[in-house]
Amino acid sequence: MKWFQKTEKEMTLDDVLDDLSQSADFVIYQNKASRIPYTLIYFASIIDPAKLHRVVLTKLNESETKSLEELEGIIPIENLEISSDPIKVQERLMSGYLAVRLNKSQKVLLMDLSLIKSRDLSPPEIEFSVMGPKEGLIEDLQTNMNLIRRRIPHPKLRMKKVTVGTVSKTKIIVTYIEGTASEQNVNTVVQRLEDLDFDLIADSSVIGQMLEDNSLSVFPQMIDTERTDRITGHLNYGAVAILVEGSSNALIGPINFGQLLVSFEDYYLGWNIASFFRIIRMMSILMSIVATPLYVAVLTYHFELFPSKLLATLISSRSDIPFIPVIEVLFLEITIDLLREAGARMPSKVGQTLGIVGGIVIGTAAVEASLTSNILLIIVALSALASFTTPVYRMTNTIRFLRYPLILFAQFLGLIGIALFGLFVMVHLIRLTSLGSPYLAPLYPPRVKDWYDSFFRLPYVLQKKRSHFFRTEKVSRFFDKKEKKPNSLDFDEQ
Amino acid sequence: MSYKKIPMILLMCIVLTACVSTEIIDEVPVVFIAGYDKGSDDKIKGTISLQRFKPNQEVETRTFQAEARTSKGLRNQLSGVPKPITIGKMAVMLFGEEEAEHGVLRVLDSFLRDPASGRLTYVGVVEGSAGDLIKEEDEYLQGIGPFLQILIRQSIEYGNMPQNNLHFFDYKYYGKGMDPYMPLLKKNENEIVISGLALFKGEKMVGKLDLEEMFMFTLINRKHKAGLFEITLPDGNYATLYKVISDVSYKVSDGNKTPKVSIEVDINANIAQYTGDKLDKRIKNDIVDAFEKKIEQDSMKLIKKFQELQIDPLALGDRARSQTRKFDFSNWENHYPTLNISVKANADIMESGVID
Amino acid sequence: MENSPRKEILVSSFLIMFIIHSNQVGVGILGFPRYINQYTGQDGWIVVLITGLIFHVFVWMMYVILGDEREDIIDLQKKWFGSWIGGLLNLLVMIYLLLGAVVILRTFIEVIQAWMFPELKTWIPVLMFLLLTYYVLAGGFRTVVGVSFFGVIFPLWLLITAVSPAKYASFTNLLPVFDHSLKDFVMGTKQMTLSFLGAEILLFAYPFLKNPKSSRVWAHIGIGGTTIIYLIVMIISIAFYSEEQLQQTIWSTLISWKMVELPFVERFEYIGITFWCFVIFPNVCLNIWAATRIGKKTLHIKQKYFSIVLLIVVFISCVLITTREQVDMINTITASIGTYFFYIYIPIIFLYAVVRRRVTR
């Protein structure tokens, strides 16, 4: 960084302009014909030409003033400033400002003409839901902020700005509701963001990995989401959200393990249905991780566990297979992961075909060639399916990953191996924190009062208080208005 | 933070290096049935049947035979069978009559000792040779082991056989004031049938019950839902009862001096068939009377038989213990052959079908 | 107190219930009915209740000993008996705790070796358990409590399967009630004490509770939970086995799991042993944690280093025990030390505490 610091001291505005003019889209336009001779400096690729022509040029050509200060008064654009700091001018130019310079002076008038090109709003693709709003974040920070503020028109909704990245200079917005979010959480997030020293922030997930409490862990400690309703929902509970320029995902923290099982659609379905789905999801996660290791453990060591009839079926399905169970399982599991990985890399239409072709052809062929047993094929397919029921994409990866060491442990010590690895994961989860909050809450430390919205979701009437998990100061969500007895129609009572 | 990784690395090392011997499901021979006969020179002659499961769900079975002093020793002698032979899924164990009379514990001991063996295994006695019965396996599609398992289980749950398995044998063998029993099997022309109950005194078989006696025994032994029973009415007609539900209560008085046992059997039954014209109330009463009388007479005969053999499969001694403070077993055993026992039956007809 | 723990690492006081309960229930439950019933036969369940009640008294005594301030037994012994005698006493307690950890770990591994993997070398599972223990200890007391919390919650459903042998049980085995002499009951209670050992963890965990005084009820509930679970196991064992058969059976609870028959799974003892890992582990963690506390306060060694030393000691002792007889012997030794600890030492320092507090007031 030595060269950078040296030039920083010595650079003048002209040096900066010389430096920048190496780019093809950099424009220095000198108008000597007008009443006042001026120079316009800008990057043609990132400013709005319409504004330039219609507003700035007309005003400049009309005016007769000789000072920048007066110009500042007459140009109808909101972000105007006068600066003589070459570094600042450089930064501004890079982000879509236009500089007006009079007579080679060191001072310039900077005005914001930036033009942001981004795609239109689109429904969330990763976190799809049948019910509920279909509005996803896009890559533009302004739009994202707009989306959130429109959903929470509350004076206490704060959006703090932090810039991270020595090269990318990425704008990051830390948003929270003051009074609801705990100050400690906000400070932690802001502090960690400010401490970051990295060159290029490509996406919010990069930030996410850097903010995590334990970076060795495979468990996501913040939720990446593109759903605006999810973000605002969490903000309302007292979480902190991080929006990153150029990223269509926001980060939410602190989170706990239970929230990884929550699809926001749960809140749009009835509480009983939603609770049922949550339990299904929980079981499917468990099954997805444990099914194939159990297959390995039981078939390798503890076949007594099967009743005789099932045993006969299993033995005859495996009778021609030349491999020991662990090889068989690893073969199929890796095949499934290959398919998944290939499907994710392929263009979507090809990917679909590949999935079907791969699934059916490879599966059937493997069974027919006696490489795997058909029972295992069912188990593997089911557990792969089950791993996709988790609403948070990163969790899906975690589940798929956890299976492999577990399979090895199952091969090593059978059921005891599985239990030992289970103990390890359990201890790990107990120790894990998300922004300093315990990851397994409200299960451990047990906070029974928070259970209304964890493994199951109780009706809204009972969700009177915010969960203790967020350490919020404003606990009540609503107050019961008047005690109003509903007119019961049961037993014809009026 | 590298020290945090050390445990993980160590763990992975263990996983990759250390190993225990495996019992892969399709490589170990799984024994579903074993038979034990008395061999030459007081040895045990063991017969096992092994299944080979083919991919198209077919089963191919082969039997192996060997002689040794102990049942584990048999394993060494079975040199034609790939090792390790696993007994974890043993469904049925059969003893030839001679071996049962010699004593079954020299075989059962190894099963009770081995943690791999189950306790829901059925043990039975074969009239004749157990080995010959097992060799007849070609008749049965799933192999003879699972077939016999289902045969015995169904006759316990829906038929007239009292609850029994390896655990019960163990329970009654060790328990004071009771004696074990096993189902008795027989090979007819070309099928295997249940022919009754084998009675044991300690580990030795001492007597048999035929099917009708077994039904009586089941009714008065403990609460049971039995299968079908046919009775002869005084007027020469016949009636068949089904879903016979018995509830028994044993009362032992004066347990430590001169014990007296009174057995009360409450029975609910349904009429499944009647050979006469019309089943009216009077005939129902006749049926009830005939049934009660039959139960009382037959069960008294049964108990007399037990007393003569000096065995106690009804666990009268244990029931006396549970009803007597500071129970004196030696006094009981002295009195048992001449014990004063009375049976009172009380039958009720619940349903008689959809016609009169 | 300069030694009293920081506020952030305190745990809710009701968690003492899980701490006590998980430290009491260990391998013993897999086979204890036989040892009780050799004295009291069908009245074994009464012995469970009696011992439960006695331990309620012990818990009450321990609360009196601990007093109102945030001090654990280590501080108190040093304060009352001076740093030499107090320190010596602390070291003795530490040896007892370590013995407890060794006994439970080694006995469980013996169960694994007897039931699942006869060829398994002892050092492999011991090493894995102890590495995990270090991982837990490094997380501090909260993690230790977390492990004991889940060590109670996860295996709880096994209670349903423990009841399943009832299908084959005859409950008349429980009659006649109260048919044994007082001496039999005393002997039975002495045997039963081994299964209730572990309540002493309260003496160490006390200052870590957010609200120590209000934890009293929860500690009693913890003991109550232990009593109920033992009671269920005891009653099922009495009804399921004939008396003489039970005397033949080393691991009666495990064998009764053999009777579970579900459509897709049989031979439940394998699953039982697997889940028992979750029951055993908190015992090891809690005992070694308490031992490191003693090391920290008496020998002034950092817990981080001391725990490594202790883990190595436990590892070596576990590996050195090889046969069933040795396992039995070390079980008996620990049981008698524990019995003396509870029936003699606790009442003595209880009286000492009462008298001393009277006098100083």
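Readers should treat all values here as calculations from the given coordinates under stated rules, not as data from a laboratory. The structure presented is a predicted model; accordingly, all values stated were derived computationally and were not measured. Every residue, glycine among them, receives a Cβ derived from its backbone with ideal geometry; neighbour counts consider all protein chains shown.
Structure notes:
- Between B:N256 and A:K474, the modelled label-to-label distance comes to 7.9 nm, taking each label 7 Å out from Cα in the direction of the beta carbon.
- Extension gain, A:A202 back to A:E368 (0.36 nm per residue minus Cα-Cα distance, nm): 55.2 nm
- Using R0 = 41 Å, the C-beta based FRET efficiency linking A:F128 and A:I77 works out to 0.50.
- Dimensions of the range A:270-438 along the principal axes, based on C-alpha atoms and rounded to the nearest Å, stand at 52, 44, 31, largest first.
- Per-residue HN-Hα couplings for the range C:42-55 [Karplus 6.51, -1.76, 1.60; θ = phi - 60°; Hz; x = Gly/Pro]: 5, 8, x, 5, 5, 4, 4, 5, 4, 4, x, 4, 4, 6
- In loop segments of the range A:23-55 as defined by DSSP, the trypsin sites (Lys or Arg not before Pro) with at most 15 further C-beta atoms inside 10 Å of their C-beta are A:K32, A:R35.
- Shown in residue order for the range C:186-200 are the 3J(HN,Hα) couplings computed by the Karplus curve 6.51 cos²θ - 1.76 cosθ + 1.60 at θ = phi - 60°: 5, 4, x, 4, 4, 5, 5, 4, 3, 6, 8, 4, x, 5, 5 Hz (x for Gly and Pro).
- Footprinting exposure proxy for B:T86, A:T225, C:T298, A:T166 (fewest neighbouring C-beta atoms within 10 Å first): A:T166, B:T86, C:T298, A:T225
- Most positive-pole-ward Cα, C:G31, C:M116, C:I104, against dipole of the range C:1-137 from beta carbon charges: C:M116
- Solution diffusion estimate, µm²/s, Stokes-Einstein, chain C, Kirkwood Rh from C-alpha pairs, 37 °C, viscosity 0.692 mPa s: 157
- Under the simplified labelling scheme, the B:E136-A:S118 pair shows an inter-label distance of 8.4 nm, with each label point 7 Å from Cα along Cα→Cβ.
- Counted over the range B:282-332 with a bin width of 10 Å, the fraction of Cα pairs per bin, in whole percents, is 22, 32, 26, 15, 4.
- Under the combined filter of DSSP loop state and at most 16 neighbouring Cβ atoms within 10 Å, the range B:174-251 retains these GluC sites (Glu not before Pro): B:E189, B:E191.
- Listed peptides C:311-324, C:220-233 appear in the order C:220-233, C:311-324 once ranked by packing, highest mean of other Cβ atoms within 10 Å at the front.
- Relative counts (whole %) of C-alpha pair distances in the range A:178-267, using bins that are 10 Å wide: 16, 51, 31, 3
- On the beta carbon distance between B:T275 and B:Y242, with R0 = 25 Å, the FRET formula returns roughly 0.95.
- The alpha carbon gyration tensor of the range A:3-112 gives principal lengths a ≥ b ≥ c with a/c of 1.5 or higher and a/b greater than b/c, which makes the shape prolate.
- Tail fraction, Cα-Cα pairs, chain B, threshold 26 Å, whole percent: 59
- Full-extension gain in nm, C:I312 to C:V177, via 0.36 nm per residue minus C-alpha separation: 43.7 nm
- Among beta bridges from DSSP that stay inside chain B, the antiparallel ones total about 70%.
- Calculated on the alpha-carbon coordinates, the convex hull of chain A measures out at 239 cubic angstrom per residue.
- Taking the convex hull of Cα positions in the range C:289-348, its mean projected area over all directions (nm²): 5.1
- Farthest positive-ward along chain C dipole, Cα basis, beta-carbon charges - from C:Y168, C:V233, C:M61: C:M61
- Percent of beta bridges antiparallel (DSSP, the protein assembly as shown, rounded to nearest 5): 80
- Residues A:W451, C:W289 arranged by fewest to most Cβ contacts within 10 Å: A:W451, C:W289
- Cβ-derived FRET efficiency at R0 35 Å, B:N190 paired with B:K304, nearest 0.05: 0.45
- Magnitude of the charge dipole, the protein assembly as shown, Cβ model with Lys/Arg +1 and Asp/Glu -1, debye to 20: 4240
- GNM flexibility winner over chain B from B:R69, B:R325, B:R222 (Cα, springs under 10 Å): B:R325
- Cβ crowding within 10 Å averaged over residues, with B:214-220, B:276-282 ranked highest first: B:214-220, B:276-282
- Under Karplus coefficients 6.51, -1.76 and 1.60, residue-wise ³J(HN,Hα) of the range B:34-41 in Hz, glycine/proline x: 9, x, 10, 10, 7, x, 5, 6
- For the range A:120-193, size of Cβ-based charge dipole, Lys and Arg +1, Asp and Glu -1, in debye: 380
- Point-to-point label distance, A:E183-A:R447, nm (Cα→Cβ direction, 7 Å offset): 1.9
- Look at the stretch C:125-132: the mean tally of other chain Cβ atoms within 10 Å of its residues' Cβ atoms is 6.
- More than 25 Å apart - percent of Cα-Cα pairs taken over the range B:222-356: 37
- At most 10 other Cβ within 10 Å, DSSP loop - chymotrypsin sites (Phe, Trp or Tyr not before Pro), the range A:377-430: none
- Which listed pairs, of B:K257/B:K284; B:K251/B:K284; B:K176/C:K167; B:K186/C:K258, have C-alpha distances above 31 Å, in listed order: B:K257/B:K284
- Shielding by partners - mean other protein chain Cβ count within 10 Å, residues of B:146-155: 1
- Compactness of the protein assembly as shown as Cα Rg over 2.2 N^0.38 Å, two decimals: 1.20
- Peptide C:149-158 shows a mean partner chain C-beta count of 2 within 10 Å per residue C-beta.
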